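Okay, handing you the structure first.
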Amino acid sequence: MKTKSWASILATTIVLSLLIACAGAPSAQAPAAATPTAKKIKVGLILPSPISDPAWSGPANEGLKAVQQQFGAEIGYAENVQPPEFEDSFRDFASRGFDLVIGHGDQFLEPALKVAPNFPKTWFALVSYPIPNPPKNLSMHTYNGAETGFLSGVISGSLTKKNKVAAIGGVDTPLTRAGLEKVPTGVQWVGSQAQVSLSWVGDWNDMAKGKETALAAIAQGADVVHAGANVASVGIIDAAKDKGVFAVGWASDTGMVAPDTVVTSVYWLHTKLIPHIAKLYIDGKLEAKGYYNTVKDGLIDIAPYRNFDSKLSKETKDKIAEAKKAIIDGKVVPEFKF
């Protein structure tokens, strides 16, 4: 499987936190009628960025390791896979007898739709927005981006002093936009009058562009920035650090990147989702449909405040906790449309 190197600012910190080697080995099983068995299954994971990416691929790789530990599965991964290689990556895993192949990102959906019908004995799972009538051996697993955006807005509305918040995404996809567009809803819920700007890096991996995009938003007065751009989030956070403004992580707990800048993150628990998908497969419960993962499911959460725990007022922390509980109790239901 083709892999690529990655050099970056803050690479040492991220690599020490997240770099884990995994490898695959043979075994096969038909997924459509999967039932509990002592036979080892093979689980493959295709990642759009390096496993040193703290916001997306790194946590997913941790989840793959958990699959090996919890279920005794044989595992394999391909990191930093680029669009021209997407279909070949799926074919490679399937042709080598992998029972379950997970594409970590909605960019993998179209390639998987093309490949899946040719490998009926392999189950394809995508961490992606759902579509109707997928192939009978393909499921889609998405996080509720509206809940993520709402909670991020509550946090940023509580932090901003200048009443200007910047929500920055990587690539303008339906799922990412649906989430980031809910940031203003959370800002309003907490009683803030802050204006929220939405901008895009245009790339998931370009840290220089991420920093440039964030610096432009900060120059316009933003004193809280949301980093929702995978590897490019490191650049967004670095800009916030340079300019002395707050950052809020998106999709993964990125507090280790700059602990005195990232107040917290509304993060998706890829470390739990990947084994959750594997468990559904092992139990024969995966269906060809879309699955939605939520705060109530325990697959979306707010990261610890760490260095900011003593700096945030009890009132602020209580308000953020209240917002999370309101979602769990069904008192707040952010509309998730894409």
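Coordinate-derived values only; no laboratory data. What you see is a predicted model; the values in this text were computed from it and never measured. Note that we place each Cβ from the backbone using ideal geometry, even for glycine, and neighbour counts take in every protein chain shown.
Tell me, what does the Kirkwood hydrodynamic radius of the range 74-146 come to in angstroms if you use every pair of distinct C-alpha atoms?
12.3 Å
Let me ask something else. When N is the residue count of the range 164-250, what does its C-alpha Rg come to as a fraction of 2.2 N^0.38 Å?
0.98
A further question follows. Between LYS325 and LYS279, what length in nm is gained on full extension when 0.36 nm per residue of separation is reduced by their alpha carbon distance?
Length gained, LYS325 through LYS279: 13.8 nm.
For a paramagnetic label modelled at 7 Å from the Cα of GLN193 toward its Cβ, which residues of the range 149-165 fall within the zone defined by backbone nitrogen distances under 14 Å?
Within reach of a label on GLN193, which here means backbone N under 14 Å from a point 7 Å along Cα→Cβ, the range 149-165 contributes 161-164.
Let me test this: with uniform point scatterers at the alpha carbons of the range 66-213, what is the Debye-based log₁₀ I(q)/I(0) at q = 0.14 1/Å?
So the normalised log intensities are -0.80.
Hey, with R₀ at 22 Å, roughly what FRET efficiency would LYS114 and VAL333 work out to, going by the Cβ-Cβ distance, to 0.05?
Details: r = 35 Å, r/R0 = 1.60.
So the FRET efficiency works out to roughly 0.05.
Here's another thing I want to ask about it. 5 Å is the cut-off here: which amide hydrogens, built 1.01 Å from N in the peptide plane, fall below it relative to LEU126, excluding neighbours closer than 5 in sequence?
Sorted by chain and number, the residues that satisfy this are GLY103, SER139, MET140, HIS141.
For the residue pair GLU315 and ASP172, what label-to-label distance in nm results when each label sits 7 Å from Cα along the Cα-to-beta-carbon direction?
Between GLU315 and ASP172, the simple spin-label model gives 3.9 nm.
Can you give me the Kirkwood hydrodynamic radius for the range 57-96, using every pair of distinct Cα atoms, in Å to one decimal?
Its Kirkwood hydrodynamic radius stands at 11.3 Å.
Let me check I have the definition right: for the range 201-338, take the eigenvalues of the Cα gyration tensor, multiply each by 5, take square roots. What are those semi-axes in whole Å, largest first?
So the three semi-axes of the range 201-338 are 29, 20, 14 Å.
Additional query: Could you work out which residue, out of GLU85, GLU181, GLU147, moves most in a Gaussian network model of the chain, that is, has the largest mean-square fluctuation with Cα springs under 10 Å?
In the Gaussian network model the winner is GLU85.
Quick one: P(r) of the chain from all Cα-Cα pairs, 20 Å bins, percents rounded to integers, in order of increasing distance.
34, 55, 11
In addition: For the range 175-188, take each phi angle, set θ = phi - 60°, evaluate the Karplus expression 6.51 cos²θ - 1.76 cosθ + 1.60, and give the result in whole Hz per residue in order, putting x for glycine and proline.
5, 5, 5, 4, x, 5, 6, 8, 4, x, 4, x, 4, 5
Something else: Neighbouring Cβ atoms within 10 Å as the yardstick, rank VAL295, VAL333 fewest first.
Ordered by Cβ neighbours within 10 Å, fewest first: VAL333, VAL295.
Above 19 Å lies some portion of the pair distances; for the range 110-185, what is it as a whole percent of all C-alpha pairs?
50 percent
Check which residues have an amide H placed less than 5 Å from ALA247's amide H, if you skip close sequence neighbours.
Under 5 Å from the amide H of ALA247: VAL225, VAL262, VAL263.
Give me the number: length gained by fully extending ALA216 to ASN163, i.e. 0.36 nm times residue separation minus the C-alpha to C-alpha distance, one decimal in nm.
Computed gain between ALA216 and ASN163 is 17.4 nm.
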